Amino acid sequence: MTTTSTLGRATDDGAREPAAWWRHAVIYQIYPRSFADGNGDGTGDLAGARARLPYLERLGVDAVWFTPWYLSPLADGGYDVADYRAIDPRFGTLEEAEAFIREALARGIRTIVDVVPNHVSEQHPWFRAALAAGPGSPERDRFWFHPGKGEHGEEMPTQWVSDFQGSTWTRTTDPDGTPGEWYLHLFSPAQPDLNWDHPDVRREHEEILRFWFDRGAAGIRIDSAALLFKDPALPEVPQRPGPGDHPHVDRDELHDVYRAWRAIADSYDDPRVLVGEVWLPDVERFTRFLRPDEMHTAFNFDFMARPWEPAALRESITMTLAAHRPVGATPTWVLSNHDVTRPVTRYGRADSSFAFTRKRFGTPTDLALGTRRARAAALLVAALPGAMYVYQGDELGLPEVEDLPPELIEDPMHFRSGGVDPGRDGCRVPLPWTRTGSSHGFGPDGGTDPWLPQPAAWTDYAVDAQEADAGSMLHLYREVLRLRRHLPELADAGLTWIGTEGDDVVAFHRGERFACVVNLGTQPAPLPDGEVLLASGPLTDGRAAPSDTAVWLRLERPRPPARPSSHEERR
């Protein structure tokens, strides 16, 4: 039977056609340095990624998002771009990137590339020219160079705090060796901020979009999308800034940029997609980025950061759907990414929420508990309306690597915290593909050691080990994504809650016959009458979900009429 939906039309076999593919897509994030090493030099690359395309196809993803693969000193994992039109030689060549895009699309997998508009690398030709040109030069107008305060300019222009902790200004040295102007960097000194009031900056980024769209990229992910503009008066940050009043976050001028980008994306016969990284606590301000002429989607960090508690998760889901409804945008559901503690580790902690400021060495975790919860979370997010992101290795249930030798840590967040923050490298350890081999199949056997060491326990998490285990996390993810693609109920945009807000169970209907039940309590939760389609773990007596277990069911009878908490979409 053929059914239709605003999320794309279902074919006779239940699979969705590609119209507005991003509305219900499963997007797999590749951190190229750690995904697969094709040439054996210890660093992941495009050759390795191309060789693993059959794995991604079998997993059942609709698209991949590559974190930056451009020429870069890798001072911040590639988010310090020196040249957007060149692939870093450690990852391969432009021709290999084009081949990946082409070969992936032949398997039904689109490619999203990362763009980092807030800043560039200190090695970018523009910044090097600005340093050489000196104060007052046109070259410096593309950045935020500014004289210091104090009698001799020895004080920073502002006391703004970096996203990586510490100060946001670094002083230059003039050619004669005397201290010069300061330049702004909201992240590390290796990442000077661009001046988005300068026409060269706007024009260059529009050309970068066209460069990659012309090469087949299906969309872009926009890093730090709310940070581009700064108040030219450089005021200090108010204690409680009002909407649009922060001197360097969520400035109203941003929206003209993204309207221009949307026009470029829409100009292609197969329109490209804009995905924003927008960290904003104000829901109304967040959804402004998702108006019909701006971004298509933005990451839902609120859900990702919530603890494994029923009230918190239900509140986040309700708030997310309500926030997206007025602008008709598609919500996204994310459990982790290359910056965040992996779910298996995070969900096993006494405090299972996430915040960068709370990351510390030695925080205990129960990996068995975390694994049960991560399995249940996979079913939960896959059943929600909208797009789903999977960070590489989460489908293997990889834990955070929390015992990296300090001398091997590279993340600037660690160093700028004075060594207190363990940084983000623990979720970036190269993947294990095989139980054996010098790098567990990450690279050719006998090649250079991976750029970060893999734990001995990686043997148990390897892809080939999990393929031989029907109860593995990998098998669960493959079945989740297979059912998500083919169940007609999950093409419907509506969601109707089951139960009340005080329950220990998060449960809802999708369509008339599908139900998702997630038990976050300590006692088994009875299931509705119906066929169990999938469960994240063994059931109690076949008809109850134990603690930290999620179940998908096809109900025996259609659910009774109810007022749904619907999510209407129209883009």
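The values are calculated or read from the model by the stated rules, or taken from the named source; none is laboratory data. Just so we're clear, the structure is a prediction, and the values are computed from it rather than from any experiment. Please note: Cβ atoms are built from the backbone with ideal geometry, for glycine as well, and neighbour counts cover all protein chains shown. Note: accessible area is taken over every heavy atom of the protein model, side chains too, but ligands, DNA and RNA are not part of it. Shrake-Rupley method; radii C 1.70, N 1.55, O 1.52, S 1.80 Å.
May I ask you to list the residues in the stretch 45-69 that are in a helix (DSSP H, G or I) and among the hydroxyl-bearing types (S, T, Y)?
Y55
Identify the single condition in (1) at pLDDT 95 or above; (2) touching a Gly at 6+ places or on another chain (Cβ under 9 Å) that R513 does not satisfy, given that it satisfies every other one.
Unmet condition: (1).
Of the conditions (1) in a loop (DSSP other than H, G, I, E, B); (2) at pLDDT 95 or above; (3) open to solvent by 10 Å² or more (accessible area, probe 1.4 Å), D351 satisfies every one except a single condition; which number is it?
(2)
Just the residues that are open to solvent by 80 Å² or more (accessible area, probe 1.4 Å) and in contact (Cβ under 8 Å) with a residue 24 or more places away in the chain, please, taken from the stretch 142-160.
H152, E154, Q159
What residue, among those in the stretch 231-250 that are of a type in the set (D, E) and free of Cβ contacts under 8 Å to residues at least 40 places away in the same chain, is least open to solvent (accessible area, probe 1.4 Å)?
D250
Every residue, every condition in (1) modelled with pLDDT under 95; (2) surrounded by fewer than 24 Cβ atoms within 10 Å (Cβ to Cβ), yes or no:
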position	(1), (2)
G60	no, yes
S72	no, no
A75	yes, yes
P89	no, yes
T93	no, yes
R102	no, yes
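Among the residues of the stretch 228-237, are any closer than 30 Å to E98 by Cα and either of a type outside the set (G, A, S) or modelled with pLDDT of 95 or more (or both)?
Yes - at least one qualifying residue is present in the stretch 228-237.
From the list R262, R251, pick out the single residue that is modelled with pLDDT of 95 or more and either among the small types (G, A, S) or part of a loop (DSSP other than H, G, I, E, B) (or both).
Step by step, each of R262, R251 is checked, and only R251 is modelled with pLDDT of 95 or more and either among the small types (G, A, S) or part of a loop (DSSP other than H, G, I, E, B) (or both).
Which one of these does A106 not meet: (1) open to solvent by 10 Å² or more (accessible area, probe 1.4 Å); (2) in contact (Cβ under 8 Å) with a residue 60 or more places away in the chain?
Unmet condition: (2).
When the stretch 220-230 is examined, which residues are found to be of a type in the set (A, V, I, L, M) and either farther than 18 Å from V161 by Cβ or open to solvent by less than 10 Å² (accessible area, probe 1.4 Å) (or both)?
Those that are of a type in the set (A, V, I, L, M) and either farther than 18 Å from V161 by Cβ or open to solvent by less than 10 Å² (accessible area, probe 1.4 Å) (or both): I220, I222, A225, A226, L228.
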